[in-house]
Amino acid sequence: MIYSFIFARKTNFMKFLLLFLLLLPVAGFTQNYPETKKEPLTLTRHNITYNDDYAWLEDMRGEEVNNWVDSQNKLYNSHINGLSASVYPLPLLTKYSNQTSYRLPHKKRTYYYSLVRYYGKEVQTPSLAYRKNINGNNIMLVNPNFFYNGKTVNIIDYSPSINSEILAYKLMIDGSDQYEIRFTTIKSGRKYDDVIKNAKFGNIAWKGDEGIFYKKNSNTSQFALDSTYHVYYHKLGTDVKNDGLVFDVSGIEGQVSTFTSYDGTKLFIGAFDKTESIADYYYADLTKEKFELVKFLDNARVNFDMIGYYDNKFYIDSRQSNWGDVEYFDLENPSIKKVVVPQYQNQLLVGSYLFKDRILCKYKNTDGNYFMLFDRNGKFIKKIQTPKGMDVVLSSYDYADTEAIFYVTSHTIPPILFTLNLEDGAYDRFVNPTYAKTTAPFPPEYFVTNTTTYTSRDGVEVPITIIHKKDIVLDGTNPTLLEAYGGFGTVTQPSYDVGLIYFLSNGGVYAYAEVRGGGEKGRKWHTEGTALKKINTINDFIDAAEFLISQKYTSPDRLGITGGSQGGLLVGAAMVKRPDLFKVAIPKVGVYDMAKFNNYTVARFHLDEYGDPDVEEEFTAMMDYSPYHNIKEDVNYPATLIITSDNDDRVPPVHSYKFAAKLQNRAAQINPVYLKTRRNAGHYGVTTNNEEHLQEESEVYSFLLYYLKK
């Protein structure tokens, strides 16, 4: 009896111990992190001394780093699989996606094009097909999955030649910003042998049906500073090795942009200096057998975006006014200018679209977004107003058409399509037998969207959008997700997201703060969050969290934050500055090491946004918020999931590697810190198929809800 009793107790204890060990990853204990060596390194720059103990992770292609990343992914996968027993959104996300996804072909010159999925054992990413009319059948042109074995290949852009004889298309390989350009005839589907490698940035600019202008990158190392300084011309059917150099800005390490007019008669080039504040502009007459570049703007301030060209007029989105206007000037005499569409106070001009006889402008205000239709001389024709809180997106259109297709959407309402008559502005629901109408999982009144403002610490009113279920109780206990971007003058628009729908339907509150550094309140709103003023962006974000807590939407034990790219930097900076405010942080593909950010890829274009580390005042300002350098040894930071991609040559994964290593490798860190590195992926993450995208969405919201509800 005594033996049986002891044996039973021992058995129960072993069962308890086994259960305890199995639950360790879920419970958030940190003893099982992969071993991460620490190589003490002290650096001094501009009289600032700081540590960089994980510089060995900068060898992003090295075997040691690769093995470390594999170990981190193994730990993350074990943990996220453990969470599925209590939080598993994937089935519902799949259901929501099936009833709200749509595939609308895009009009480009003569034909309609679609990225479609042909299911099969070896097929992963969408193929490119075309239709002769919007009601026609898809005719497959290109299946990108057959170009390379063991690589993820996506068609990311395509452009028909002037007479729609030939299609040029870009292939993104494993998510890299360096892509290939290939060609196919449209009617017969015959593939050309011509392959342009290491093209980067910019559009495909056709010269008739003969060839294209493109920008080429000459990096020998993928993560080195970007070297896209050259514009080349490729004539179809010739060896790409013999492509002619059209323009070179390598001497000033500047940026260059190109486009051709719709009729293919003019080539335009903008050559920017290193700071991107001054530029020279050129054009060439492509009707001539030997074209020459003619400068039409010399040493001009970069205060406009090119819209298009028509009848010897160069149309631009002007940046001279805070809210934006549309102007044109004569190509032969640029001093002759005319404001076609003036700025409207507190109505932000988000974008302009040039048609043969019309100009369509998209505006944003506190209520949402809308279109305004004008003729070529700026005469107002029609306003296309959307319901409050919704976005409006031009979905399928062509310069020569008299009709376009647009859709309205929001965070909680999937796209609803309309046709737009460009002659008189009349619009109606788009009805088509080949288009399956989206069906929202919940009625529109199920969720409430409120756009308001809060006051930042320096007295500035910052817009914030808050979404939750109707009749929610504001008692400070609601799981809440706060997001922002705050950089590059970007205006972030609402978009439907099935993961967010799941979060909201489970009692969550979602808030998006339009912090300084973005462009939501005009040009000045951007500059107030750049360089020496970038700290405003971070403070605005932290103040948004304080606002949500003060208004009883949530509490520090129920508040999570997320953001991607520049938003990842923002989340990283906020969580190390105010760890007491947040329970969960999910930064994605972020910049975290501001002391070295300018050593990699596209950073040479971002000195105006963040500052130049070679300038003492700007370096000091960056180091004040640099997430990696502001981690303290004695602080327990929020439960954190850091997401990156191993082939991201926009924001290299080393930022995430070093940030994760330093957070994990401290005795004070009790809350879990996980690093997920997407393999064979780039800055935009999962690009294979919708199933894998939904899987990642499921993981993110599992992690978020599990820790916010603990």
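Assorted remarks:
- Among the residues of region 402-412, the one identified as open to solvent by 40 Å² or more (accessible area, probe 1.4 Å) and either closer than 11 Å to Gln493 by Cα or in a loop (DSSP other than H, G, I, E, B) (or both) is Thr402.
- Within region 598-620, if we keep just the residues that are open to solvent by 10 Å² or more (accessible area, probe 1.4 Å) and hydrophobic (A, V, I, L, M, F, W, C), the residue that is modelled with the highest pLDDT turns out to be Val615.
- Region 43-59, residues that are closer than 15 Å to Lys658 by Cα, open to solvent by 20 Å² or more (accessible area, probe 1.4 Å) and either over 28 Å from the mean Cα position of the chain (by Cα) or aliphatic (A, V, I, L, M) (or both): Tyr50, Asn51, Asp53, Ala55, Trp56
- Odd one out for Ser97, checked against (1) closer than 30 Å to Leu420 by Cα; (2) in contact with a Ser or Thr (Cβ under 6 Å, 6 or more places away or on another chain); (3) assigned to a helix (DSSP H, G or I): (2)
- Candidate set: region 298-312, residues that are at pLDDT 90 or above and buried (at least 18 other Cβ atoms within 10 Å of the Cβ); chosen: the one nearest to His526 (Cα to Cα): Ile307
- Test result for Phe146, closer than 28 Å to Asn219 by Cα, buried (at least 20 other Cβ atoms within 10 Å of the Cβ) and not hydroxyl-bearing (Ser, Thr, Tyr): no
- Taken together, the residues in region 437-452 that are part of a loop (DSSP other than H, G, I, E, B) and either open to solvent by 70 Å² or more (accessible area, probe 1.4 Å) or among the aromatic types (Phe, Trp, Tyr) (or both) amount to 3.
- Here Thr125 meets the list (1) in a loop (DSSP other than H, G, I, E, B); (2) at pLDDT below 95; (3) surrounded by fewer than 17 Cβ atoms within 10 Å (Cβ to Cβ) almost entirely, failing just condition (3).
- If the condition is being surrounded by 15 or more Cβ atoms within 10 Å (Cβ to Cβ), more than 13 Å from Gly254 (Cα to Cα) and polar (S, T, N, Q), then region 218-228 contributes Asn219, Gln222.
- Unique match (being outside any loop (DSSP other than H, G, I, E, B), more than 28 Å from the chain's Cα centre (by Cα) and within 23 Å of Asp305 (Cβ to Cβ)) among Val340, Val393, Val326: Val340
- Some residue of region 667-683 being open to solvent by less than 30 Å² (accessible area, probe 1.4 Å), outside any helix (DSSP H, G or I), over 24 Å from Asp557 (Cα atoms) and out of contact with any strand residue (DSSP E or B) (no Cβ under 8 Å at 6 or more places or on another chain): no
- Within region 83-99, residues that are touching a residue at least 40 places away in the same chain (Cβ under 8 Å) and more than 18 Å from Gly507 (Cβ to Cβ) sit with their Cβ atoms under 9 Å from residues that are open to solvent by 50 Å² or more (accessible area, probe 1.4 Å) and charged (D, E, K, R), at 6+ positions apart or across chains, in these pairs: Thr94/Glu691.
- Residues (over 25 Å from Val408 (Cα atoms) and in contact with a helix residue (DSSP H, G or I) (Cβ under 8 Å, 6 or more places away or on another chain)) located in region 463-486: Gly476, Thr477, Asn478, Pro479, Thr480
- Within this structure, Ala573 passes the test of being open to solvent by less than 10 Å² (accessible area, probe 1.4 Å), in a helix (DSSP H, G or I) and out of contact with any Leu (no Cβ under 7 Å at 6 or more places or on another chain).
The values are calculated or read from the model by the stated rules, or taken from the named source; none is laboratory data. Note that the coordinates shown come from a computational prediction; the quantities given were computed from them, not determined experimentally. Using ideal geometry, Cβ is built from the backbone for each residue, glycine included, and neighbour counts are taken over all protein chains shown. Ligands, DNA and RNA are stripped out before the accessible areas are found, and what is left, the full protein with its side chains, is counted by its heavy atoms. Shrake-Rupley method; radii C 1.70, N 1.55, O 1.52, S 1.80 Å.
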